[in-house]
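Shown next, in structure tokens, is the structure this report addresses.
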Amino acid sequence: MANTSQDVLSAFLTAEIKVEKPVSIPRLGVELIVKALDGKTIGKINEQSTHYVVRGSKREPQLDEQKFGGLLIASACTNISFGDPQMLERYSASDAGDCVQKALLAGEMAKLTKEIMKISGFEDFNDQIEEAKN
């Protein structure tokens, strides 16, 4: 299937930039609306979630997957602010990412993270996590 440059240009010019998806959280009886995130935002979250460990004479990056997931969800949810003062107080959280980790169960976080990554163009989330670790 060969696309002409006009076909490609037309696809970009008519593409929907704002991609959102509802994700059901049965325990709470609500749907959280998540939006696609761009590479710059995901890169910033990756940077915030990475710390370095010293092994021998080398400093190696290590991704904190829980922190990554919390910040990712906090950034992508459009119908709730996990940084809302009431939320932070209720869950004794230091920031929005910490609040996500305390307010949601592990499976709920995994479900949301998977959907956010999928609508952001990453079809295989596990491969993306492995790539982010390296």
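Worth pointing out:
- Boolean, ARG90 is exposed (fewer than 13 other Cβ atoms within 10 Å of the Cβ), modelled with pLDDT of 95 or more and within 21 Å of ALA110 (Cβ to Cβ): no
- Residue check, ASN46 open to solvent by less than 90 Å² (accessible area, probe 1.4 Å) and under 14 Å from MET117 (Cα atoms): yes
- Of all the listed residues (VAL54, VAL8, VAL23), the sole one being open to solvent by 70 Å² or more (accessible area, probe 1.4 Å) and among the β-branched types (Val, Ile, Thr) is VAL54.
- Among the conditions (1) within 21 Å of LYS118 (Cβ to Cβ); (2) in contact with a helix residue (DSSP H, G or I) (Cβ under 8 Å, 6 or more places away or on another chain), the only one that THR78 does not satisfy is (2).
Yes or no, residue by residue, for (1) more than 20 Å from GLY121 (Cβ to Cβ); (2) exposed (fewer than 10 other Cβ atoms within 10 Å of the Cβ):
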residue	(1), (2)
ASN3	no, no
PHE12	no, yes
ALA36	no, no
GLN62	yes, no
THR78	no, no
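- Among the residues of the stretch 97-108, those identified as open to solvent by less than 30 Å² (accessible area, probe 1.4 Å) and either among the hydrophobic types (A, V, I, L, M, F, W, C) or without any contact (Cβ under 8 Å) to a residue 24 or more places away in the chain (or both) are CYS99, VAL100, ALA103, LEU104.
- Single unsatisfied condition, ALA74 versus (1) modelled with pLDDT of 95 or more; (2) surrounded by fewer than 19 Cβ atoms within 10 Å (Cβ to Cβ): (2)
- Checking SER24, SER49 one by one, the residue that is among the small types (Gly, Ala, Ser) and under 17 Å from PHE82 (Cβ atoms) is SER49 and no other.
- Selected residue (only one of GLY69, GLY121, GLY83 is open to solvent by less than 30 Å² (accessible area, probe 1.4 Å) and within 25 Å of SER24 (Cβ to Cβ)): GLY69
- The listed residue being without any contact (Cβ under 8 Å) to a residue 24 or more places away in the chain, of a type in the set (D, E, K, R) and more than 21 Å from ILE17 (Cα to Cα), out of LYS111, LYS40, LYS58, LYS67: LYS58
The values are calculated or read from the model by the stated rules, or taken from the named source; none is laboratory data. Just so it is clear, the model here is predicted, and its values are computed rather than measured. As a convention, Cβ positions derive from the backbone with ideal geometry for all residues, glycine included, and neighbour counts pool all protein chains shown. In case anyone asks, the SASA skips ligands and DNA or RNA and just uses the protein heavy atoms, side chains included. Shrake-Rupley method; radii C 1.70, N 1.55, O 1.52, S 1.80 Å.
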